[in-house]
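*Asks:* Below is the structure I would like to discuss, written out as structure tokens.
The values are calculated or read from the model by the stated rules, or taken from the named source; none is laboratory data. A quick note: this is a predicted structure, and the numbers were derived from the prediction, not measured. Here the Cβ positions follow ideal geometry from the backbone for every residue, glycine too, while neighbour counts run over all protein chains shown. Each accessible area value is taken on the protein alone, full model and side chains, heavy atoms only, with ligands, DNA and RNA left out. Shrake-Rupley method; radii C 1.70, N 1.55, O 1.52, S 1.80 Å.
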Amino acid sequence: MNKCADVAAEHGVLNLADYDHPSALVYGIGNVGRQDDGLGWAFIDWLEHAALCPQAELLRHYQLHLEDADLISHKQRVLFVDATKDSQVDTFRIERVTPRMDFSFTSHAISVASILATCEQCFARTPDVMLLTIRGYEWELQEGLTPAAKNNLDATRNHLISISSLTEPIRRYQ
Amino acid sequence: MSRKLVIDPVTRIEGHGKVTVHLDDQNRVTDAKLHVVEFRGFEKFVQGHPYWEAPMFLQRICGICFVSHHLCGAKALDDMIGAGYSSGVQMLPTPEKIRRLGHYGQQLQSHTTAYFYLIVPEMLFGMDAPPEKRNVLGLVEANPELVKRVVALRKWGQEVIKAVLGKRMHGIESIPGGVNQNLSKAARDRLLNGEDGLLSIDQVIDYAVEGVELFHDFHKKHRDEVDRFAKVPALNMSLVDDEGNVDYYHGKIRIVDVNKDTVAEFDYHDYLDYFAEATEEWSYMKFPYLKELGREEGSVRVGPLGRVNVTKSYSDDTPLAKAALEKFHDYTDGKANDMTLHTNWARAIEILHSAELIKNLLNDPDLQGEQLVITPADSAWTGEGVGVVEAPRGTLLHHYRANRDGAITFANLVVATTQNNTVMNRTVRAVAEEYLDGKAEITEGMMNAIEVGIRAYDPCLSCATHAMGQMPLVVSVFDSNGALVDEQVR
């Protein structure tokens, strides 16, 4: 098993089939005008082109806002997808998000954990939230992923397809 | 040993700033500066691009006030194709009102972010409270109902932007000479009446009224501290209409002094005749000033406090905001208000004003009009345009020139934060003298007081330097020899 799969195994398998439901949200964060910052949106592009999770709500946004706490309060399962500069992430990382006020807030940046904590505090709802981060390398004012980031996106997709095919595809929200 | 204190980055402002405070051997403040150390780039990036790309391209300077940049660019393009104010062309009613709707929606949303997310926590918890408490996430734990309302208010503002510009950030609405769509009746009714999970306009106005009352309550309890904090003299500048009332979208530039006497009033297309920009080697942000008065006397304050100082009143069709403004004006007996923390009072009033303006527009059938654009003859092409709007943080200017092939050859952006550069530096100095002078120890509360002073302007340093990306605050301490003796990064 490769390093990515180790990470996934540690935090639980991300089965894309679980997101094929109207009460699921897949939320790509990023900016396609900033090279590898477009990874989150590219992931959403792939879901759309491959007709995966057609019942889920798919969103692309530049950044998180506090009102996303309201948005996810209406969902049962949420997958955030973002690019990361973290060198500890070899290719991609999948983690289950727990509510946490980590005080990272500026009006330009707020963490997924804080969004979930706000959702819990203000709306008394705690959806199942996963965060998929894909390693990027360049953030210059230019369209298009770098070849290395594209490879990481491909690896992420291949991994998710293989995992999803190995796990029970039909598990829904009773 | 004299010392220099540096705060870098200034937290909870947009962009990257650094504050340095120089202390002498007795710990007395000898100098204080707000440095902006990011490189500006957008004015160069845009050169060579087709002119029509500018409003789309340049709005990406900012993730907060992008609608202002978009509209400012659009107004410049109107001029450029010969369909703008510089050619004496009045925009058609529908596109002008559509543009205004997006503009007011962004002001409501942007002010809500600054006021409720960044400033109210400081008001409620005090500037001495630990940083992990005095932010909106601290507010979530202390008063989730308030945060729920704020989230709803911001969400509503974003829905206005989305309805007008197509998406919640960096959408496209304005095209040279007009807009690309009107507002459908369904979209109008949704914003007017609300729906499950979305406020109605009347609820928005109610929440905005509560926002003003929140400041009144805070002010009642902390009057001396609020009024004394960084009283900074400056001229005040805003776009105004023919009645002398603020017009956030279009008008002439008026500058008033402390007695509210007009010291300059002009068509913004002539800005180069009136303004010059000074530079300092320690900051990338320029220092605009009125040429006639010189840099010391001719620097202006823009934004909420500048605007409410300049405007004579609000129109009768925004009665709640008008009454709130009268109370504000009465507090200083008709003189201009130079109390920095009253900027937050002004900001709360402008949230209410925006909400009432939006309600009026939503009830205007012109928003469903079919005439969306003026398309002048090729011969009307001027190749040059200037756009000015009152962005949430103050007067914003875009100036472009393009060659006959339509490629941009020149761009100049003068953003609100740049206009406020001198007054922000004065504020830093005033706060440093009040809170740091003669003190041997630099406390967390003192450090934060400097941030509070800067944050009142809600500066966007990424806008001001036209740089890109997330930029965090740094504070450093130097002795009289310039040696760094302390530094804090948050």
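*Asks:* Between B:Leu293 and A:Leu141, what is the label-to-label distance in nm when each label sits 7 Å out along the Cα-to-Cβ direction?
*Replies:* 3.3 nm
*Asks:* I'd like the orientation of helix B:421-435 relative to chain B: the angle between its Cα long axis and the longest Cα principal axis, in ° from 0 to 90, rounded to 10.
*Replies:* Helix B:421-435 sits roughly 30 degrees off the main axis of chain B.
*Asks:* Follow-up. Counting only protein chains, not ligands or nucleic acids, how are B:Tyr331, A:Tyr62, B:Tyr115 ordered by accessible area (probe 1.4 Å), most first?
*Replies:* Output order, biggest surface exposure first: B:Tyr331, A:Tyr62, B:Tyr115.
*Asks:* Leaving out ligands, DNA and RNA, what percent of the accessible area of the range B:235-337 is carbon and sulfur, probe 1.4 Å? Kindly include the intermediate steps, with their values, before the conclusion.
*Replies:* Numbers: 1970 of 4520 Å².
With neighbouring chains kept in place, the figure for the range B:235-337 is 43 percent.
*Asks:* Starting from the Cα-Cα distance between B:Glu53 and B:Glu243, subtract it from 0.36 nm times their residue separation and give me the gain in nm to one decimal.
*Replies:* 64.9 nm
*Asks:* So, one more: What's the total accessible area buried between chains A and B, using a 1.4 Å probe, rounded to the nearest 100 Å²?
*Replies:* Working: alone 8860 and 18610 Å², together 24720 Å².
Buried area (both sides, nearest 100 Å²): 2800 Å².
*Asks:* Where does the charge balance sit around B:Asp317 when Lys and Arg score +1, Asp and Glu -1, over other residues with C-beta under 12 Å from its C-beta?
*Replies:* -1
*Asks:* Of all beta bridges DSSP finds with both residues in the protein assembly as shown, what is the antiparallel percent, to the nearest 5?
*Replies:* Here the antiparallel bridges make up roughly 65 percent for the protein assembly as shown.
*Asks:* With a 10 Å radius around each residue's Cβ, average the other Cβ atoms per peptide and rank B:18-31, B:244-257, highest first.
*Replies:* The packing order, highest mean first, is B:244-257, B:18-31.
*Asks:* Pairs of Cα atoms under 8 Å, at least six residues apart: use those to get the relative contact order of chain B, whole percent.
*Replies:* It rounds to 31 percent for chain B.
*Asks:* In the range B:380-464, which trypsin sites (Lys or Arg not before Pro) are in a loop and have at most 16 other Cβ atoms within 10 Å, using DSSP for the loop call?
*Replies:* Answer in residue order: B:Arg404, B:Lys439.
*Asks:* Roughly how many Å² is the accessible area per residue of chain B, as a whole number, for a 1.4 Å probe?
*Replies:* 35 Å²
*Asks:* Hey, another quick one. Rolling a 1.4 angstrom probe over the protein chains, ignoring ligands and nucleic acids, what is the accessible area of A:His61 in square angstrom, nearest 10?
*Replies:* 30 Å²
*Asks:* Further question: For the protein assembly as shown, what does the helix formula give at 222 nm: sum of -39500 (n - 2.57) over DSSP H segments with n ≥ 4, over the residue count, nearest 500 deg cm²/dmol? Could the numbers behind the result be given before it?
*Replies:* On the way: 24 runs with 259 residues, N = 664.
The helix contribution divided over the protein assembly as shown gives -11500 deg cm²/dmol.
*Asks:* What is the spread of the Cα atoms of chain B along each of their three principal axes, largest first, in whole Å?
*Replies:* 70, 50, 40
*Asks:* Here is a follow-up. If all Cα-Cα distances of the range B:235-337 are sorted into 5 Å bins from 0 onward, what percent lands in each bin, rounded to whole numbers?
*Replies:* With 5 Å bins starting at 0, P(r) equals 2, 13, 21, 23, 18, 11, 8, 4, 1, 0.
*Asks:* Can you pull the one-decimal nm distance between simple spin-label points at B:Asp24 and B:Ala276, each 7 Å off the Cα toward Cβ?
*Replies:* A separation of 3.1 nm, rounded to one decimal place.
*Asks:* Estimate the FRET efficiency between B:Asn259 and B:Asp227 by the formula 1/(1 + (r/R0)^6), using the beta-carbon distance for r and 30 Å for R0, to the nearest 0.05.
*Replies:* Using R0 = 30 Å, I get an efficiency of 0.95.
*Asks:* Something else about it: Leaving out ligands, DNA and RNA but keeping every protein chain, what accessible area does B:Thr262 have, in Å² rounded to the nearest 10, with a 1.4 Å probe?
*Replies:* 80 Å²
*Asks:* Hey, another quick one. Tell me the Kirkwood hydrodynamic radius of the protein assembly as shown in angstroms, computed as one over the mean inverse distance between distinct C-alpha pairs.
*Replies:* Mean inverse Cα-Cα distance, inverted, gives 25.8 Å.
*Asks:* For the range B:265-305, which chymotrypsin sites (Phe, Trp or Tyr not before Pro) pass both filters: DSSP loop (anything but H, G, I, E, B) and at most 15 other C-beta atoms within 10 Å? Provide the component values of the computation, followed by the final result.
*Replies:* Working: sites: B:Phe266, B:Tyr268, B:Tyr271, B:Tyr274, B:Phe275, B:Trp282, B:Tyr284, B:Tyr289; in loops: B:Trp282.
Filter output for the range B:265-305: B:Trp282.
*Asks:* Take the alpha-carbon centre of the range B:344-360, take the same for the range B:189-242, and report the distance between them in whole Å.
*Replies:* Using only Cα atoms to place each centre, the spacing works out to 6 Å.
*Asks:* Here's another thing I want to ask about it. Angle, helix B:444-455 long axis vs. longest principal axis of chain B, Cα atoms, 0 to 90°, nearest 10?
*Replies:* Approximately 20 degrees, to the nearest 10.
*Asks:* Also, quick follow-up: Please compare each pair in B:Lys97/B:Lys185; B:Lys231/B:Lys291; B:Lys18/B:Lys148; B:Lys133/B:Lys439; B:Lys312/B:Lys335; B:Lys97/B:Lys167 to a cut-off of 22 Å on the Cα-Cα distance and tell me which ones are over it.
*Replies:* Working: B:Lys97/B:Lys185 15 Å; B:Lys231/B:Lys291 24 Å; B:Lys18/B:Lys148 33 Å; B:Lys133/B:Lys439 25 Å; B:Lys312/B:Lys335 11 Å; B:Lys97/B:Lys167 18 Å.
Those over the limit are B:Lys231/B:Lys291; B:Lys18/B:Lys148; B:Lys133/B:Lys439.
*Asks:* With a 1.4 Å probe and all protein chains in place, put B:Lys75, B:Lys33 in order of accessible area, largest first.
*Replies:* B:Lys33, B:Lys75
*Asks:* Additional query: Kirkwood Rh, the range B:100-232, all Cα pairs: how many Å? Mind showing how you got there, number by number?
*Replies:* Details: mean 1/r = 0.0606 Å⁻¹.
After inverting the mean inverse Cα-Cα distance, the result is 16.5 Å.
*Asks:* Given the whole protein assembly as supplied and a 1.4 Å probe, what does the accessible area of B:Asp217 come to in Å², nearest 10?
*Replies:* 80 Å²
*Asks:* Calculate log10 I(q)/I(0) of the range B:201-240 for q = 0.25, 0.31, 0.34 Å⁻¹, where I(q) comes from the Debye formula with a single equal point scatterer on each Cα and nothing for solvent.
*Replies:* -0.82, -0.91, -1.00
*Asks:* Does anyone have the angle between helix B:66-81 and the longest principal axis of chain B? Alpha-carbon axes, 0 to 90°, nearest 10?
*Replies:* Long axis of B:66-81 versus the principal axis of chain B: about 50 degrees.
*Asks:* Using a 1.4 Å probe on protein heavy atoms, which residues of the range A:46-92 have at least 20 Å² less accessible area in the complex than alone?
*Replies:* Output list: A:His61, A:Tyr62, A:Gln63, A:His65, A:Leu66, A:Glu67, A:Asp70.
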